[in-house]
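Below is one structure, written out as structure tokens; the observations come after it.
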Amino acid sequence: PGNNQNQVSVSLRTICSLPGELIESSGIGIEGSNRIWSHEDSGNANEIYCFDTTGILLRTITISNVENNDWEDLATDNEETWYICDAGNNNNTRTDLALYKIPDPETMSGDQVIAGIINFTLEDQTEFPPPSSDRNYDIEAMVWHDDSLFMFTKDRSNPFTGITKMYVLPDTPGTFIARLADSFFVGNTTESGRITSADINHHTGELMLLTNTGLVSFTNYPGNRFFDGEVTEYN
């Protein structure tokens, strides 16, 4: 770790088992203290599910105008709008990457909703797939911050680089080129160096990136330059 990187050990506690409908839970969104929303991974239903902290399924909402190609993460803005990241791209071959924008599901009375669609391509990807040494276009992590969506890659390059790339998109429906804004060395093994989810605290600004072995936290950063902030690694 660099001089600005602190290492802390943390212990985890189990909150609950997921309801049986969530066989392959992928993204998670929290609403209040006792309502958790999730969706499943690639090839599963185009639905989001709400359950409580005892694991009881409370609601199911269908996103009626899109399919679940490879849904990977959920993000919320200042609690009024939610985003679903359909940019899982294990083989680095997809040309139909998209994010879906829906109202806060807690405000919905029905069990179906039509999403706004943000279609995008990645600024630096020109081959589908690229050579194995350049396969770093799988996106499984996303947050909303300052009217923009920030996406973080899960590195699938071989030889492995351990780098996550950060792309930026506007939070409005349309078709865009996602700008490559920054990159960060996460870890030198596939366990410690692949980002699988992200979240941000809208009150403190703390960004958290998840790996198989821990969490990487970014605080006290200038503007939207998360990687220039103070880094803490929670093992």
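Given a 1.4 angstrom probe, what's the average accessible area per residue across the range 1-124, in square angstrom?
49
Using 0.36 nm per residue of separation minus the Cα-Cα distance, give me the extension gain between M108 and R179 in nm, one decimal.
22.3 nm
So, R0 is 25 Å and r is the distance between the beta-carbons of L12 and T190; what FRET efficiency does that work out to, to 0.05?
FRET efficiency, L12 to T190: 0.75.
Could you work out the percent of alpha carbon pairs in the range 145-235 separated by over 21 Å, rounded to a whole number?
The proportion of pairs with Cα distances above 21 Å equals 30 percent.
Of the heavy-atom accessible surface of the range 1-106 (probe 1.4 angstrom), what whole percent is carbon and sulfur?
44
Quickly work out the N212-to-E21 label distance, labels modelled 7 Å from Cα along the C-beta direction, and quote it in nm with one decimal.
3.1
Given the DSSP H assignment, sum -39500 (n - 2.57) over each helix run of at least 4 residues in the chain and divide by its residue total; what's the result at 222 nm in deg cm²/dmol, nearest 500?
Helix contribution divided over all residues of the chain: 0 deg cm²/dmol.
Counting Lys and Arg as +1 and Asp and Glu as -1, what is the net charge of the other residues whose Cβ lies under 12 Å from the Cβ of A181?
Net charge in that neighbourhood comes out at -1.
Report, in debye and to the nearest 20, how large the dipole of the range 36-133 comes out about its Cα centre when Lys and Arg carry +1 and Asp and Glu carry -1 on their Cβ.
Using Cβ point charges on Lys, Arg, Asp and Glu, the range 36-133 gives about 180 debye.
Let's test the formula: R0 of 30 Å, r as the Cβ-Cβ distance of T54 and H203. What FRET efficiency results, to the nearest 0.05?
Given R0 = 30 Å and the Cβ-Cβ separation, E is 0.65.
What Kirkwood Rh does the range 19-104 have if only Cα atoms enter the pairwise 1/r average? Answer in Å.
After inverting the mean inverse Cα-Cα distance, the result is 13.2 Å.
Once amide H atoms are built 1.01 Å from N in the peptide plane, which residues 5 or more positions from F176, or in another chain, come under 5 Å H to H?
N119, F120, T121
Taking amide H atoms as placed 1.01 Å from N in the peptide plane, list the residues 5 or more away in sequence, or in a different chain, whose amide H sits under 5 Å from that of R59.
Excluding prolines and chain starts, which carry no amide H, the hits are C50.
N119: net charge of surrounding residues, Cβ under 14 Å, Lys/Arg +1, Asp/Glu -1, itself excluded?
Around N119, the surrounding residues sum to -2.
The values are calculated or read from the model by the stated rules, or taken from the named source; none is laboratory data. What you are looking at is a predicted structure, and each value in this text was computed from that prediction instead of being measured. Note: ideal-geometry Cβ built from the backbone for every residue, glycine included; neighbour counts use all protein chains shown. These area figures cover heavy atoms from the full protein model, side chains too; ligands, DNA and RNA do not enter into them. Shrake-Rupley method; radii C 1.70, N 1.55, O 1.52, S 1.80 Å.
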